[in-house]
Amino acid sequence: MATTLDEDTVLYNLMRNLEDFECFPIPERWFKKFNIPPREAQNPKQFTNDNYQAKLKTMKYDLEPIIIDTPQRNGETFPVFPDEKIDVEVVSRPFVLKEGEQFPSTLPYLKELAEKENNQA
């Protein structure tokens with residue numbers, strides 16, 4: 001008689017063979033179910049020492065600066081397209097809030113536009 005494995009066991013069996021299994025987030029119930037020791041928190045120094053990319057960020061490099069003091073590609077430049085002329089019109093309307101009145105959720109101008117669109121449709 002064959003026994004069927006539950007979903008957690010199947011996933012655990014697939015994941016535990018991965019070389020970076022410790023890096024994956026796993027459900028809390030797996031720690032007790034599969035007798036996995038709890039993971040310990042690391043302080044910033046431990047994290048930097050264990051993480052290769054973080055270690056590279058903090059390393060000092062003695063590289064000389066790159067100085068480009070001669071024209072590149074014989075001073076070749078690229079054409080710049082002329083600016084496109086766009087007509088801009090600024091329309092401002094006075095907005096008066098009557099005393100005791102709450103600030104509207106829709107500004108009056110936008111409300112008028114919506115009403116005009118509804119009337120035209």
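Tabulated data
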quantity	calculated
Test result for residue 46, exposed (fewer than 10 other Cβ atoms within 10 Å of the Cβ) and either modelled with pLDDT of 90 or more or assigned to a helix (DSSP H, G or I) (or both)	no
One residue from 65, 94, 82 being under 33 Å from the mean Cα position of the chain (by Cα), assigned to a loop (DSSP other than H, G, I, E, B), exposed (fewer than 10 other Cβ atoms within 10 Å of the Cβ) and on the phi < 0 side of the Ramachandran plot	65
Qualifying residue in the stretch 32-43 (condition: in a helix (DSSP H, G or I) and among the hydrophobic types (A, V, I, L, M, F, W, C))	no
Tabulated pairs, the stretch 1-15, first within 16 Å of residue 36 (Cβ to Cβ), second modelled with pLDDT of 90 or more and aromatic (Phe, Trp, Tyr), C-beta under 8 angstrom, 6+ apart or interchain	8/30; 12/30; 12/34
Residues (modelled with pLDDT under 90 and among the aromatic types (Phe, Trp, Tyr)) located in the stretch 1-43	21, 24
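The values are calculated or read from the model by the stated rules, or taken from the named source; none is laboratory data. Every value quoted in this text rests on a predicted model; they were computed, and no experiment measured them. Virtual Cβ from ideal backbone geometry, glycine too; neighbours counted across all protein chains shown.
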